[in-house]
Amino acid sequence: FLKFVRRGIREGYLDKSRLISSGIKGTRIPNRFTKEQLLCYFQTCDGVQIAIASFIALWSGLRIGDVVKMKIEDFDFEREILKVVQSKRSKDRLSPFLLEGKSIIEKWIKYSGATDYLFPSYESHSMATIHEPHISTKTISNGFNTVLRKTQLQREDERYRQGTPRKKFTFHTFRHTF
């Protein structure tokens with residue numbers, strides 16, 4: 001990207017004075033789960049709904065909002081892709097999904113009795129989601145945070161010194177791990 005910007009400035013396509021920042025000091029590497037942390041997380045996760053949502057996010061790199069809006073018809077196991085409708089910035093896209101996850105998704109559909117949405121909402125939890133046919137992101141996020149508290153997982157980062165609090169993981173960490 002920086003090469004592209006520098007070339008654009010050099011060849012006169014971009015005006016350097018109109019750029020927000022002419023120099024980027026460095027990029028932060030996003031936090032990710034290690035193999036041991038993932039094993040600990042999934043062994044501790046006792047809620048099937050949270051485990052399946054976490055599994056989908058990890059194996060396909062979806063955001064939490066995309067996971068809760070998944071429809072059964074969006075899975076194409078033959079081509080190993082997942083159709084994501086109205087994702088961030090209202091874009092549709094395709095995401096890879098490994099064939100090994102097919103049996104897990106099929107078992108979840110049978111277990112949950114889902115017919116349209118993968119995570120249907122059987123009752124309205126708040127006025128914000130009263131007309132939503134799927135569960136809210138808050139439901140998944142709260143379940144994720146409950147599992148994290150049980151496992152006591154914390155992000156390991158060299159920027160934090162001994163004795164200082166470390167940042168915790170978020171559901172989005174599954175996307176970075178993917």
Unique match (being within 28 Å of G113 (Cα to Cα), modelled with pLDDT of 90 or more and not in a loop (DSSP other than H, G, I, E, B)) among L38, L82 = L38
Does D74 satisfy being under 26 Å from N142 (Cα atoms), buried (at least 16 other Cβ atoms within 10 Å of the Cβ) and either of a type in the set (D, E) or out of contact with any Gly (no Cβ under 6 Å at 6 or more places or on another chain) (or both)?
-> yes
Please find, within the range 93-119, the residue that is farthest from V48 (Cα to Cα) out of those that are assigned to a loop (DSSP other than H, G, I, E, B) and at pLDDT 85 or above.
-> D116
Which one is farthest from F33 (Cα to Cα) among residues in the range 55-84 that are of a type in the set (G, A, S) and in contact with a helix residue (DSSP H, G or I) (Cβ under 6 Å, 6 or more places away or on another chain)?
-> G65
Only one of these is buried (at least 18 other Cβ atoms within 10 Å of the Cβ) and small (G, A, S): S87, S60. Name it.
-> S60
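The values are calculated or read from the model by the stated rules, or taken from the named source; none is laboratory data. Note that the structure is a prediction, hence the values are computed from the model and not measured. Neighbour counts run over all protein chains shown; Cβ positions are idealised from the backbone, glycine included.
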